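Encoded as structure tokens, the structure appears first; notes follow it.
The values are calculated or read from the model by the stated rules, or taken from the named source; none is laboratory data. Here the structure is a predicted model, which is why all the values come from computation and not from measurement. Methodologically, a virtual Cβ is constructed for each residue, glycine included, from the backbone with ideal geometry; neighbour enumeration extends over all protein chains shown. Accessible surface areas use protein heavy atoms only, side chains included; no ligands, DNA or RNA. Shrake-Rupley method; radii C 1.70, N 1.55, O 1.52, S 1.80 Å.
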Amino acid sequence: GQQVMQIPQYQHVQEGEDFTTYCNSSTTLSNIQWYKQRPGGHPVFLIQLVKSGEVKKQKRLTFQFGEAKKNSSLHITATQTTDVGTYFCAGPFRAGGTSYGKLTFGQGTILTVHP
Amino acid sequence: NAGVTQTPKFRVLKTGQSMTLLCAQDMNHEYMYWYRQDPGMGLRLIHYSVGEGTTAKGEVPDGYNVSRLKKQNFLLGLESAAPSQTSVYFCASSPFYEQYFGPGTRLTVT
């Protein structure tokens, strides 16, 4: 079945260092979404990428969608303690026909930032 | 707007007991979902609904039942709880693509 893999599983950085998490799908995706979950919290939608090769920025966060629409990355420049949390990518889940908004989530990358 | 709310926030059950988790959304979304989150396994879809009166199985439906009698509510039931169902349960709603999650229910089955 469809799989969405994320690496690394854990990342520890010093405040001010950059951080990148990578997402790879076993199938071509129509779009990819990114979510952030703070410790003890719930996932919060960050962004959706739709076009091949698309790059979007949100302040210090840069999201990319691969040319083949099978991989994506999230890069954070100069991490801050407020960036701590788990970052998930998610792609539409398809088992024939429409996905009905269902998502297949990656396992997530847990980011810790040391001040 | 409250967004997506879930009750209860915490619950401890004994093996074999039953319970219902309630999810409510006030955004008039058609799609609603129940996930469970376990360490190292991300979010796994239990059941979902594409509209009032409809439900369908997700990735890990065994041991759970759902109902969506009203558009704004999505109920998740555990008929006979097992320790393997110890998890954090999240409900989400969606207008189609992005999903909006509730605060979660932490369930422990002893």
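Assorted remarks:
- At a probe radius of 1.4 angstrom, the accessible area of the protein assembly as shown per residue rounds to 47 square angstrom.
- Distance-filtered residues of the stretch A:77-94 - backbone nitrogen under 19 Å, label point 7 angstrom along A:Glu17 Cα→Cβ: A:77-87
- Carbon/sulfur fraction of accessible area - the protein assembly as shown, other protein chains in place, 1.4 Å, %: 53
- Net charge of Cβ neighbours under 12 Å - reference A:Gln48; Lys, Arg +1; Asp, Glu -1: 0
- Basic side chains Lys and Arg get +1 at the Cβ, acidic Asp and Glu get -1 at the Cβ, and with that the dipole of chain B about its Cα centre reaches some 300 debye.
- Where B meets A: accessible area buried, both sides, 1.4 Å probe, Å²: 1600
- Within the shell of other residues whose beta carbon sits under 11 angstrom from the beta carbon of A:Asp83, the net charge comes to +1, with Lys and Arg scored +1 and Asp and Glu -1.
- Charge dipole of chain A (Cα centre as origin; +1 on each Lys and Arg Cβ, -1 on each Asp and Glu Cβ, all else neutral): 420 debye, rounded to the nearest 20.
- Per-pair calculated FRET efficiency, R0 = 41 Å: B:Lys57 and B:Thr5 via Cβ, rounded to 0.05: 0.95
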